[in-house]
Structure formats: structure tokens, C-alpha cells
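Notes follow the structure.
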Amino acid sequence: MGRGRAKAKQTKVARELKYYSPDTDLSSLERELHGHSPSSLPTRVAESDGDEDDDYDKWASGRR
């Protein structure tokens, strides 16, 4: 396929994506955006002081 045909195909696909407007469920989007309060977000667990990751840490930092 020559460059002209490839460019024409890319242009066609770009137009289809630009002007395609699927049905949007706005209520579902609103629930997703506003459904979580700051207190219900998962919190990170503090890392343990165990030496289970020490070998990996040495390898990752280049201190082998």
C-alpha cells in the first residue's frame, strides 16, 4: 500500500473517531465521579521493617 492510500485510511479513521458520538450514561458517570468520599478511599499500609525485600532493594539499586 502506497503512502497516499495509507494516509487516506488514517484520515478516514480519524474522522470516524472525531465525529462518533456514542450514547453516554451521564448518571453512571456522575456516580463514578462523586461516589467516593475522601474517607472511603483505600489507605496505604505502612511497609514492614522485615528483611523480605532487602535482596530486591539491593539488586534494584545496583548495590549487589
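Read-outs throughout are calculated quantities, based only on the coordinates presented, and are distinct from any laboratory measurement. Source: prediction; values computed, not measured. Glycine gets a Cβ as well: all are built from the backbone with ideal geometry, and neighbour counts include every protein chain shown.
So the values come out like this:
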{"read-out": "Highest average packing first - 5-13, 21-29, Cβ atoms within 10 Å", "value": "5-13, 21-29"}
{"read-out": "Table column - 3J(HN,Hα) (Hz), the stretch 15-25, Karplus curve with 6.51, -1.76, 1.60, x for Gly and Pro", "value": "5, 4, 5, 5, 9, 6, 10, x, 5, 10, 8"}
{"read-out": "Potential extension, A6-S27 segment - 0.36 nm per residue separation minus Cα distance", "value": "3.6 nm"}
